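Structure record follows, encoded as structure tokens.
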Amino acid sequence: MSILVNENTRVIVQGITGREGQVRTRLMQGYGPSVAAGVTPGRGGEETLGLPVFDTVAGAVNQVGAVDASVVFVPATLAADAAMEAMDAGVKFVVIVPDRVPLHDVMKLCKFAEEHNARFLGPNTLGCLSPGKGVLGMMGGSPEAARDFFAPGRVGVTSRSGGITSSIAYYLKKAGIGTSTIVHVGGDSIVGLPHPEILRLFEEDAETDAVVMFGEIGTTQEERVAEMIRRGDFTKPLVAYIGGKQAEEGTRFSHAGAIVEGGRGDYQSKVSALGDAGAVIVERFEDLPSETARVLAELNGK
Amino acid sequence: MAKLLEHKAKEILARFGIPVPRGEIAADADEAAAAAERIGFPVVLKAQAFVTGRAGKGLIHFCDSSAEVRDAASDVLGRTVGGFPVETILIEEKLRIASELFAACMVTDEIPGPLALLADRGGSGVEQMARDGKATLASRPFDATTGLKLYEARSLAVECGITGKQLSAVSGFLVRLAKVFLTEEARSLEVNPLVMTEGGKVFAADCHFSVDDYAAGRHPELGIEIAREIGHPPTELEKIAAAYEATDHRGTFYFLELSAEGDRPVGFHGAGGGGSMMSMDALVRHGFTAKNFCDTSGNPSAAKVYRASKHILAQGGIVGYFASGSGVASQEQFHSARGMVKAFREWPLNVPAVIRLGGNKEELAIEILGKFLSDLPVPVEAYGKDDSAAFCAERLDALVKEHPPVEPYDCIPTARTEVAKDEYAFDVRTGTISIDHAICRNCESRPCIESCHAEILEIANSAPRLKEPAEESAHRCTECLACELACYGAGMRSIAINLPIPGFDEYLAKRGGQ
Ligand code: SF4
Ligand code: SF4
């Protein structure tokens, strides 16, 4: 198994005729999973990369049959609308790659997704990749690079920084540790599947033994992960690194933020919450692979 | 996230019917005094700056006469707050305050969605009072599409102990505040204090307005110059960068000048938020300070990276150039390499550089940097994903110790600088490609054709031309710069890809050249 994507996932690409859409469709075609069709309004009836292009998602699904996921490569201000279109057409999982999607669009999308019993990764995400099985989004960039960077295994990766997501998986591979699924939750403050949701999926995944998490200052994602561990909702070993230690303290502008987050969101809060809950906190990024190896050895020794 | 200054925020509130004190802005003592006369004494004079606790910093004055206004204005204007000067002040009527509250709307990731807040006390330190139980704080999520309903607002007010006539005034205020928040797509919007006057009216006495940078383009009424969190009024170079970025949407380019002082300032060129943060940490650990923050990520074109490099170099006063991102990037790294080569040869680079371009196609990226920059009088070292940011910072440290900045020198740029004898030119997305066919006729290898992955060039009549008419094919050029570098590499220098940055040359001229 793995989470979110595997070799059997069937996917469509929204914005397939654009620059990113073209390059990343080639990535998915070359690495897996199978791309069924593309959508670009106004280009219906054309063909690209050996795939039929449709004007609408509904039109695509009608023709090629149900799909598991849609990957969105449209301009940022159109991204939420594209995701809603996919959900309305019955697609249950949408990966929203573009950066700079307006926050209020994302808030509305959260509600829309809930009403449609759908979920989304991103926005501002590289996507997710299960080594050797498939990728949704642009992780790895090209099939050759993806094959070079990632090796299959039993450690899940979840990260709030795109580049760091691939880095972690690659440095783990170099240390002889393979990964089950690598997830970039997206860099924005509101994302469809934040760390806690990804950990819930990893918890249920029989092929994931432990998880490496890259957290960052801001939002309450990491604190909520700590609560999950305490409640017993996440029981696998978690190795975490929190970025942003050097970020200036005391620059917070908003009283409202301070009131609502109540001290959560900063580096210290995240590190102590996770540490107290029993996660392994790594101080230096470079130490992630060795700490993960140690945790796995302990697990196997048990 | 970009913020609005108080006077701008209040202007927006007023448009939505939210009562704000009568006020005017002024940029000097005369204007301030005249404004105060019009408003009527007593007045409040408030420095317009992005800081909290202005009263405690002497940035707010209460004045009873024109003379007092003049004194206060001269004191405040020109003072530096957070490294940048105060340029405007707001003169307002002084409210007769009966009590102060706190009201806000914000986005929280926990719900996720918008949240309305009301506290029965206001002023700075309200978060501490709420934490200590000295203030009552009521909050509730509301619908991002339909807004805060009146009964929802009322329940918040009741929770905060508001009764009688004031109940409808405060709830009405909250409903309007939520409307501003949703309509203007704010990230957070706070009124602190929300003043109840002796006359029983409510006023927004101060307002913190954080814009959603990603939506700023849809709200010209907010007057955002740079839709980014920068914490200071934008500098000239930052404005030039932002204006260019607004016209070129391939990937992200973000440039910010930093005020940190240090004797080893480095031009910093990152890629991606997390990786940049990690790389800057590594620099700092080696006793460097970053002169700037710069991020080119999200698969930017070579042309964009070239322009970013020019901004970094244009700051001047650096002892080294450090490029480093996450180390395992998905974007094709040769674009960044080509952009830097063009910028470094053109400027030319006068300090050691360490370029860490790990990730997709890094071998080619490293090869390009080596091939085109090895003849510079300063060392340029290139690394990939197997070398950590920490190691690269260490290399820069060693290089900087050995190689102080060199004097300006002559360097042959990759682009042709001579006027073409037989010019063939076409416009591409953000610039122009000019080829001198007089040179091309003597060219044997013609590597330009093969280097063009967009496959828009062909040899016709013994020289490279677009295969199809320019209207149909020039837009397919990705400004990858491969043809210019290939031609330069063949020793021909027939191609000049001209990539202007509006305002950049003027900026350099004003500064007295390079
Ligand atoms: S490589 Fe340069 S000189 Fe040769 S044909 Fe191409 S543009 Fe002309
Ligand atoms: S003409 Fe071709 S090689 Fe030259 S910049 Fe454009 S895409 Fe690149």
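The values are calculated or read from the model by the stated rules, or taken from the named source; none is laboratory data. What you are looking at is a predicted structure, and each value in this text was computed from that prediction instead of being measured. Cβ: placed from backbone, ideal geometry, glycine included. Neighbour counts: every protein chain shown. These area figures cover heavy atoms from the full protein model, side chains too; ligands, DNA and RNA do not enter into them. Shrake-Rupley method; radii C 1.70, N 1.55, O 1.52, S 1.80 Å.
For the protein assembly as shown, a crude dipole built from +1 on the beta carbon of Lys and Arg and -1 on the beta carbon of Asp and Glu, taken about the Cα centre, is about 740 debye to the nearest 20.
Taking Cα centroids, how far is the range B:285-359 from the range B:98-168 in Å? Cα centroid of the range B:285-359 versus Cα centroid of the range B:98-168: 46 Å apart. According to the Kirkwood relation over distinct C-alpha pairs, the hydrodynamic radius of the range B:373-495 is 16.9 Å. Computed from protein heavy atoms with a 1.4 Å probe, the total accessible area buried between A and B is close to 4900 Å². By the Stokes-Einstein formula, at 1.567 mPa s and 4 °C, the protein assembly as shown with its Kirkwood radius over alpha-carbon pairs has D equal to 45 µm²/s.
So which of A:Lys108/B:Lys239; B:Lys8/B:Lys291; B:Lys291/B:Lys401 end up more than 22 Å apart, counting from Cα to Cα? Flagged as over cut-off: A:Lys108/B:Lys239; B:Lys8/B:Lys291.
In chain B, the DSSP beta bridges split such that about 80 percent are antiparallel, to the nearest 5. When the surface is traced with a 1.4 Å probe over the full set of protein chains, B:His219 keeps roughly 20 Å² accessible. Based on DSSP H segments of at least four residues, each scored -39500 (n - 2.57), chain B has a per-residue ellipticity at 222 nm of -10000 deg cm²/dmol.
Taken per residue, the accessible surface of chain A reaches 35 Å², heavy atoms only and a 1.4 Å probe.
The residues of the range B:234-340 present an accessible area of 26 Å² per residue when probed at 1.4 Å with all protein chains retained. When the Cα gyration tensor is reduced to axis lengths a ≥ b ≥ c, the ratio a/c is 1.5 or higher for the range B:22-93, and with a/b above b/c it is classed as prolate. For the range B:236-402, the spread of Cα positions along the three principal axes, ordered from largest to smallest, is 40, 35, 31 Å. Residues of the range B:250-267 whose accessible area (probe 1.4 Å, heavy atoms of protein chains only) drops by at least 20 Å² once all protein chains are present, relative to their chain alone: B:Arg250, B:Thr252. Interface residues of the range B:86-132, defined as those with an accessible-area decrease of at least 30 Å² between the chain by itself and the complete set of protein chains (probe 1.4 Å), are B:Met106, B:Val107, B:Asp109, B:Glu110, B:Pro112, B:Glu127, B:Arg131.
Secondary structure note: in the range A:1-124, about 10% of the DSSP beta bridges are antiparallel.
Computing FRET efficiency as 1/(1 + (r/R0)^6) for B:Gln128 and B:Lys510, where r is the C-beta to C-beta distance and R0 is 45 Å, gives about 0.45. Based on alpha carbons, the Rg and Dmax found for chain B are 28.2, 91 Å.
Label positions at B:Glu407 and B:Glu225, each projected 7 Å from the Cα along the C-beta direction, are separated by 3.8 nm. What separates the Cα centres of the range B:396-413 and the range A:139-203 is a distance of 39 Å. Report, in degrees rounded to the nearest 10, the 0 to 90 angle that the Cα long axis of helix B:236-245 makes with the longest principal axis of chain B. Roughly 70 degrees between the two axes. Cross-link partners for A:Lys111 among the aspartates and glutamates, with Cα-Cα distance under 12 Å and sequence neighbours closer than 8 places in the same chain left out: B:Asp143.
What longest range of chain B stays clear of loop-exposed chymotrypsin sites (Phe, Trp or Tyr not before Pro) (DSSP non-H/G/I/E/B, at most 15 other C-beta within 10 angstrom)? The longest uninterrupted stretch comes out as B:17-408.
Measuring nothing but protein heavy atoms, the accessible surface of the protein assembly as shown at 1.4 Å probe radius is 50 percent carbon and sulfur.
Computing FRET efficiency as 1/(1 + (r/R0)^6) for B:Thr417 and B:Thr247, where r is the C-beta to C-beta distance and R0 is 25 Å, gives about 0.45. The mean sequence distance of close C-alpha pairs (under 8 Å, at least 6 residues apart), as a share of the length of the range B:134-281, puts its relative contact order at 12 percent. The distance between label points at A:Glu47 and A:Ala206 comes to 4.1 nm (points 7 Å beyond Cα on the Cα→Cβ vector). Extension gain for B:Val158-B:Thr432 works out to 92.2 nm (0.36 nm per residue, less the C-alpha to C-alpha distance). The aspartates and glutamates within cross-link reach of A:Lys133, meaning a Cα-to-Cα straight distance under 16 Å and a gap of 8 or more places when in the same chain, are A:Glu7, A:Asp68, A:Glu144, A:Asp148, A:Asp205, A:Glu207.
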